[in-house]
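Right, one structure below, let's go through it.
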Amino acid sequence: MNIGDKIPHSLGRDAQGREHTADEYAGKRLIIYFYPKDNTPGCTAEACSLADGYERLMAAGFALLGVSRDSADSHRRFAQKYNLPFPLIADEDLALNKAFGVWREKKMAGRTYMGTVRTTFIIDDQGRVEHIISKVNTKDSARQILDIINHND
């Protein structure tokens with residue numbers, strides 16, 4: 001997915017089993033953030049930062065979706081444990097990860113494997129990618145996004 005690309009129609013099912021579509025967000029701005037795994041240090045820091053900044057993001061006119069390949073059950077537990085106010089999409093078949101181009105080869109400790117590359121997409125009110133954050137500041141993700149959207153508006 002590149003700047004200017006239209007997001008896919010289907011955005012997947014959240015932890016409550018509700019299907020999200022691009023049509024649902026038509027005319028609204030949207031943040032979709034992809035993260036590797038529930039309950040890991042970086043992913044928890046990122047989710048908590050976004051939860052802390054959620055009201056400011058909503059006030060700026062944005063909806064927010066988190067996406068990982070974890071199951072709906074894992075997402076439910078993660079959201080409850082950290083009181084996350086936004087939906088988490090269970091992308092177990094990797095359809096959304098692949099559509100956005102974040103399912104890639106990664107290297108860690110000399111090992112090569114396929115995984116989700118932490119990335120945040122800011123989507124405009126026409127359903128097109130407006131900005132891509134590839135170097136996510138997990139501890140201050142909400143401020144990072146707000147700085148970008150406030151600079152661009």
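The values are calculated or read from the model by the stated rules, or taken from the named source; none is laboratory data. Values in this document were obtained by computation on a predicted structure and should not be read as measured data. Methodologically, a virtual Cβ is constructed for each residue, glycine included, from the backbone with ideal geometry; neighbour enumeration extends over all protein chains shown.
Considering the stretch 89-132, and only residues there that are among the β-branched types (Val, Ile, Thr) and assigned to a loop (DSSP other than H, G, I, E, B), the residue that is farthest from ALA22 (Cα to Cα) turns out to be VAL117.
Every test in (1) over 30 Å from GLY4 (Cβ atoms); (2) out of contact with any helix residue (DSSP H, G or I) (no Cβ under 7 Å at 6 or more places or on another chain) is passed by ASN83 save one, and that test is (2).
Taking every residue in the stretch 83-98 that is touching a residue at least 60 places away in the same chain (Cβ under 8 Å) and pairing it with any residue that is polar (S, T, N, Q) and surrounded by fewer than 18 Cβ atoms within 10 Å (Cβ to Cβ), at least 6 positions away or on another chain, the pairs with Cβ-Cβ distances below 6 Å are ALA90/SER71.
Could you tell me which numbered condition HIS75 fails, if it satisfies all but one of (1) in contact (Cβ under 8 Å) with a residue 60 or more places away in the chain; (2) assigned to a helix (DSSP H, G or I); (3) within 16 Å of GLN144 (Cβ to Cβ)? Tallying (1) in contact (Cβ under 8 Å) with a residue 60 or more places away in the chain; (2) assigned to a helix (DSSP H, G or I); (3) within 16 Å of GLN144 (Cβ to Cβ), HIS75 fails exactly one: (3). The single condition from (1) at pLDDT 95 or above; (2) over 12 Å from the mean Cα position of the chain (by Cα); (3) of a type outside the set (Val, Ile, Thr) that TYR35 fails is (2).
The set of residues in the stretch 127-141 being under 15 Å from ARG29 (Cβ atoms) and either crowded, with 18+ Cβ neighbours inside 10 Å or touching a residue at least 60 places away in the same chain (Cβ under 8 Å) (or both) consists of GLY127, ARG128, VAL129, GLU130, HIS131, ILE132. In the stretch 35-72, the qualifying residues are those that are within 21 Å of GLN16 (Cα to Cα) and of a type in the set (S, T, N, Q), and the one that is surrounded by the most Cβ atoms within 10 Å (Cβ to Cβ) is SER68.
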